[in-house]
1. Of the accessible area of the chain, with the probe set at 1.4 angstrom, what percent is carbon plus sulfur?
2. Given Lys296/Lys319; Lys51/Lys302; Lys314/Lys339; Lys432/Lys570, which pairs have Cα atoms separated by over 30 Å?
3. Taking H as built 1.01 Å from N, whose amide H comes closer than 5 Å to the amide H of Val208, not counting residues under 5 places away?
4. Provide the per-residue ³J(HN,Hα) series for the range 546-551, in order, calculated from phi with Karplus coefficients 6.51, -1.76, 1.60 and θ = phi - 60°, each as a whole number of Hz, with x at glycine and proline positions.
5. Give me, ordered by chain and number, the residues 5 or more places off Ala161 or on other chains with an amide H under 5 Å from its own placed amide H.
6. Rounding to the nearest 20 debye, state how big the charge dipole of the chain is about its Cα centre with +1 on each Lys and Arg Cβ and -1 on each Asp and Glu Cβ.
7. Could you give the nm distance between label points at Lys499 and Asn261, where each point is 7 Å from its Cα heading toward the beta carbon?
8. Would you kindly derive the ³J(HN,Hα) couplings of the range 265-279 from the backbone phi angles with the Karplus curve 6.51 cos²θ - 1.76 cosθ + 1.60 (θ = phi - 60°), listing them in order in whole Hz, with x for Gly and Pro?
Amino acid sequence: MGRIMPQDAFHIRRLAQELNTFLVGGKINRVSQVNKDELTLIIYTGKTTVKLILSTNASNARVCLSLFEKEPAPIAPNFCMLLRKHLLGAEILEIRQYEFERIIEIDLHCTTDFSQSKRTLHCELMGKYSNIVLTEKGVILGALKTSALEDNSRRVLLPGAKYLYPEKQDKLSPFDGAGMRSRLENYLSTREAIPDKEALSLFLFENVFGLALPTAREIVRIAEERAGSIGAALTSAFPIWEFVGDFCENEPNQPCVKYANGTAVDFFAFPVDGGVEMPSLCKAEDEFFSSRENKKSFDDKKRKLENTARALKKKQTKKLQDTLERLKDAEKAEDLRVKGELLTANLYRLEKGMSCVELENWYDETCGTIKIALDTTLTPSQNAQRYFKTYNKHKRAKEVLAPMLKKEESEIEYTDSVISSIVRAENAEDLKEIEAELVELGLLRAAPQRAGGKKKEIVTPFREYEYMGVKIYVGRNNLQNDRLLRLADSDDIWLHAQKYHSSHVIIDVDGGQVRDEVLLYAAELCAYYSDGRESDKIPVDYCKRKFVKKPNKSKAGFVIYTDYKTILVKPNAHKE
């Protein structure tokens, strides 16, 4: 069953009823803004404190209670400051849907030391046209997204202007039975046969405002079930044109969420095949939208970090190629020394002005000759010295370039390990410390801190498993691999994929011996969290922690180890 976003007026009606039941009488204690599209109201209901999300994001527009925390913007935008000025301490009088539109209105009783007033927050949930507007007596106090006269807009959304509702669609109200019957009769007159369920669902979707296609399908399904057939639902015996309004007004709220691969992919106010029942529509919406936003946020951040790391590797590779070219030139140093010595030994045979000379090369096993180019402006002795000087220059360059090459290869190896960690990341937790690692390297700018806020130390928990009563820990990235190594006891078992970038894995033996089954389980995890996870089988090295050393000043995640054994295993995430 597909879904056409954004959510329709049918769902918004039930959501408004839910929120009204739960929040009326509550007081707004705090207002914050997460980003340009989303506000959060912290409301005390008299029994508990809840978080109300007001989002105008084109794909995720909603008003619903949420359990998920989001970091507020470091600096509160103007509209957020306006709401704090007018709504802090305000009491919620009513939450309702405006007519049958995708608009939720929140009436508020606002008091100050000197006045009392009634203000309304209009939450327009209309895809890319979504907005939040605060009014008093029909006059706009402020809007999240403003529009002026010069914007050629039909609605002026500026402080002081009169608030006008968005223009209605050229569709019928679900409660206009007569109008719907007339359109339906015209529609049926153009057809030779009675429409099937999908055709009738499309008719309702295209002609009745406030209904998404899944809602229209649900109306037709129930109408057919109660009337006995589609044909009967199109007669006055069970008129579907009257049932639509009754369904929208009175159908009970039975929310559910559909999942795919453990991720919420849709939500409904009525039962659907494969749907998981939810205690409230708010909970269903929060589950769906939070899952959707978290996935997009994770995908975006993963792509950004990977692009940053790959750009670094590209620069490092170019630098390495340059060093290799210079080193290749420096390798010619020995030839230059030979030529210098041959010229010195044969000075008596040379004259100034010669452009080249062919001399016996006693350094050659076959005692052949070698042709040596000369500078015609220099004396034979000066030509010999020129070769010695160039030889010494290349020799010094070689002495400098050799360790430089080793360092550059090490840096590329480290960058590859960072890229590997990013590629293997499966959720936002996996990326937190990788981002911190890239900030430390100066590749990313640190996120701005809230004014007066303390800098948070990012410490993400290890991946943790338990098998046959034994704890197994898996690092998520280079920083975690180092921390895992520091925390492990000397007799714990350490594992790492052989010749692949991989997570470090520790088996907590707790002073005992590790069983073969546990070792195999941990090795399969190590193989999965490596670059070789797509292979059929890969070798994994293991040894006691005391045989693993981290060299001084080495990059994060780099170790050397001895006294190890190797096991060949098939990568397995052990999702169970």
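1. On the way: 15560 of 30960 Å².
The value for the chain is 50 percent carbon and sulfur by accessible area.
2. From the list (Lys296/Lys319; Lys51/Lys302; Lys314/Lys339; Lys432/Lys570), the Cα-Cα distance tops 30 Å for Lys296/Lys319; Lys314/Lys339.
3. The list, which skips near neighbours in sequence, is Leu172.
4. Along the range 546-551, the couplings run 5, 9, 10, 10, 10, x Hz.
5. Those lying under 5 Å, H to H, from Ala161 are Ile140.
6. Numbers: 88 positive and 86 negative charges, 480 e Å.
Here the size comes out at about 2300 debye.
7. Roughly 3.1 nm, to one decimal.
8. Karplus values, whole Hz, x for Gly and Pro: 10, 5, 9, 9, 8, 9, x, 9, 4, x, x, 9, 4, 10, x.
The values are calculated or read from the model by the stated rules, or taken from the named source; none is laboratory data. What you see is a predicted model, and the numbers here were worked out from it, not measured in a lab. Glycine also receives a Cβ, built like all others from the backbone with ideal geometry; neighbour counts cover every protein chain displayed. Heavy atoms of the whole protein, side chains included, go into the accessibility calculation; ligands, DNA and RNA do not. Shrake-Rupley method; radii C 1.70, N 1.55, O 1.52, S 1.80 Å.
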